[in-house]
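Some notes on the structure that comes next.
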Number of protein chains: 2
Amino acid sequence: MHRRGLLVILSSPSGAGKSTLARRLMTWDPTLRFSVSATTRQPRQGERDGVEYFFKTRDAFEEMVAAGEMLEHAEVFGNLYGTPKGPVEAAMADGRDTLFDIDWQGGQQIRRSSLASDVVSIFILPPSIADLEQRLRTRAQDSDEVIAGRMEKSMTEISHWGEYDYVIINRDVDAAEAELKTILMAERARANRQPGLNAFVRALNTEFDAR
Amino acid sequence: MHRRGLLVILSSPSGAGKSTLARRLMTWDPTLRFSVSATTRQPRQGERDGVEYFFKTRDAFEEMVAAGEMLEHAEVFGNLYGTPKGPVEAAMADGRDTLFDIDWQGGQQIRRSSLASDVVSIFILPPSIADLEQRLRTRAQDSDEVIAGRMEKSMTEISHWGEYDYVIINRDVDAAEAELKTILMAERARANRQPGLNAFVRALNTEFDAR
């Protein structure tokens with residue numbers, strides 16, 4: 001019997017260090033599969049189809065939604081974003097865990113989907129608003145107006161922390177990484193996530209009877 | 001707001017290394033409180049009231065059961081064993097986690113009690129029956145008949161592994177100890193186990209509004 005893969009959802013306001021943590025987790029466990037989103041927005045310089053995103057026309061995207069092939073989707077600033085279901089189900093069947101770097105809307109849709117029982121959701125909080133804003137300003141040379149818009153969006157994202165299974169305050173990236181690994185290891189130790197246990201206990205019984 | 005303590009239930013057949021693991025966990029985290037059971041059996045040489053057990057007369061024990069003062073209880077080989085509720089509730093209110101070294105019957109009763117939502121249950125499996133039997137034989141100079149009885153009881157205990165949240169196969173005591181700590185750390189990172197988060201997020205909102 002196969003072990004079914006977990007769906008590990010990582011959400012946070014942008015600037016809270018989520019992408020760094022996701023990258024570190026992927027390095028620590030190369031069997032983790034990173035979920036690639038589909039989008040209708042134009043590829044930016046250097047972005048490759050199937051790596052950063054699956055780039056789709058609006059028609060193709062909407063057909064996938066209509067056919068139930070999107071695990072979750074949402075429209076953000078006029079573009080559609082979503083998670084194609086096929087690769088996720090293939091990884092699960094294969095016993096591989098999938099990591100999702102998505103916002104609260106995507107998290108909510110996946111938690112309400114038919115795959116809900118295999119979801120582990122983690123929210124990353126920034127240590128302070130000053131820290132969050134500084135990271136947003138350092139990262140890109142955006143106008144004050146753009147930064148202000150991002151900060152408003154961050155506060156909406158933060159307001160959904162209570163919907164997540166686990167919460168990590170990212171005061172120190174090494175400590176946050178350790179906490180993230182701890183959560184993943186513990187979730188994998190759950191009785192219902194170790195299907196090999198059935199066979200193991202059967203073998204104990206056989207050994208007992210054969211003495 | 002106080003953090004409410006967890007009830008950490010550790011069960012296993014005797015000889016699977018549970019007591020060693022419990023002791024190591026207590027050394028690692030001295031804030032953990034070890035749940036002392038009450039019993040009607042006679043104290044053995046060196047056993048102190050309130051340390052190894054609370055020693056009770058059958059009348060006193062039954063009065064506590066009737067008054068709803070036992071979280072769980074059972075009769076084993078003619079003696080009553082149980083967990084007094086008072087100290088557990090006091091520790092929980094104090095934000096301290098309690099460690100229970102109890103069998104599947106006790107575990108089941110606590111999981112069905114009013115404190116169910118604060119329970120984390122972990123089952124320890126032996127690597128093999130040969131290993132289990134050898135530990136039972138090494139530990140005490142018991143007759144083959146006594147050992148056989150213990151082994152039968154162990155198999156009953158093992159048959160309940162599926163009722164537990166987590167399962168650890170004790171192939172190596174250091175690895176099993178690390179897994180146990182991982183589970184405890186992850187459970188403490190759950191959103192609903194960190195009540196300080198409410199205040200933390202309120203402070204983030206205040207900081208945002210005050211900019």
**Study point:** Hits in the stretch B:3-21 (condition: within 21 Å of B:GLU89 (Cβ to Cβ) and under 14 Å from the mean Cα position of the chain (by Cα))
**Key:** B:GLY5, B:LEU6, B:LEU7, B:VAL8, B:ILE9, B:LEU10
Check your understanding: What pairs can you find where one residue is in the stretch B:84-108 and assigned to a strand (DSSP E or B), the other is of a type in the set (Phe, Trp, Tyr), and their Cβ atoms are less than 7 Å apart, with a gap of 6+ or different chains?
Key -> B:PRO84/B:PHE54; B:LEU99/B:PHE34
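For the stretch A:137-154, check the following and say yes or no: at least one residue is of a type in the set (A, V, I, L, M) and surrounded by 20 or more Cβ atoms within 10 Å (Cβ to Cβ). Give the derivation first.
Step one: list which residues in the stretch A:137-154 are of a type in the set (A, V, I, L, M), which gives A:140, A:146-148, A:151.
Subsequent filtering for residues that are surrounded by 20 or more Cβ atoms within 10 Å (Cβ to Cβ) retains none.
The answer is no, given that none of the residues of the stretch A:137-154 is of a type in the set (A, V, I, L, M) and surrounded by 20 or more Cβ atoms within 10 Å (Cβ to Cβ).
Can you pull out every residue in the stretch A:165-207 that is in a helix (DSSP H, G or I) and in contact with a strand residue (DSSP E or B) (Cβ under 8 Å, 6 or more places away or on another chain)?
Step one: list which residues in the stretch A:165-207 are in a helix (DSSP H, G or I), which gives A:173-188, A:191-193, A:196-207.
Passing the criteria: A:ALA176, A:GLU179, A:LEU180, A:ILE183, A:LEU184, A:ALA186, A:GLU187, A:ALA191, A:LEU197, A:PHE200, A:VAL201, A:LEU204.
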Revision key, fill the gap. Within the stretch A:58-81, of all residues that are closer than 19 Å to A:LEU6 by Cα and under 14 Å from the mean Cα position of the chain (by Cα), the one surrounded by the fewest Cβ atoms within 10 Å (Cβ to Cβ) is A:GLU72
Review point. If you go through the stretch A:23-55 one residue at a time, how many are assigned to a loop (DSSP other than H, G, I, E, B) and open to solvent by less than 40 Å² (accessible area, probe 1.4 Å)?
Key: 7
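Could you please give the count of residues in the stretch B:184-211 that are without any contact (Cβ under 8 Å) to a residue 40 or more places away in the chain, within 20 Å of the chain's Cα centre (by Cα) and open to solvent by less than 10 Å² (accessible area, probe 1.4 Å)?
Result for the stretch B:184-211: 2.
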Check your understanding: Looking only at the stretch B:165-205, which residues are facing chain A (nearest Cβ under 9 Å) and more than 24 Å from B:MET26 (Cβ to Cβ)?
Key -> B:ALA191, B:ASN192, B:LEU197, B:ASN198, B:PHE200, B:VAL201, B:ALA203, B:LEU204, B:ASN205
Point to revise | Residue in the stretch B:67-80 that is within 24 Å of B:PHE123 (Cβ to Cβ), free of Cβ contacts under 8 Å to residues at least 12 places away in the same chain and charged (D, E, K, R) present | key: yes
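Could you check the stretch A:138-160 and list, in sequence order, the residues that are in a helix (DSSP H, G or I) and either touching a strand residue (DSSP E or B) at 6+ places or on another chain (Cβ under 8 Å) or more than 13 Å from chain B (Cβ to nearest Cβ) (or both)? Can you show your working first?
Keep residues of the stretch A:138-160 that are in a helix (DSSP H, G or I), which gives A:138-139, A:144-158.
Within the stretch A:138-160, A:THR138, A:ARG139, A:GLU145, A:VAL146, A:GLY149, A:GLU157, A:ILE158 meet the criteria.
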Point to revise | Matching residues in the stretch B:141-158 - criterion: being within 18 Å of the chain's Cα centre (by Cα) and small (Gly, Ala, Ser) | key: B:SER154
Exercise for review: Only one of these is charged (D, E, K, R) and open to solvent by 40 Å² or more (accessible area, probe 1.4 Å): B:ASP118, B:ASP172. Name it.
Suggested key: B:ASP172
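The values are calculated or read from the model by the stated rules, or taken from the named source; none is laboratory data. What you see is a predicted model, and the numbers here were worked out from it, not measured in a lab. Every residue, glycine among them, receives a Cβ derived from its backbone with ideal geometry; neighbour counts consider all protein chains shown. Please note that ligands, DNA and RNA were not included when accessible areas were found on the heavy atoms of the full protein model with its side chains. Shrake-Rupley method; radii C 1.70, N 1.55, O 1.52, S 1.80 Å.
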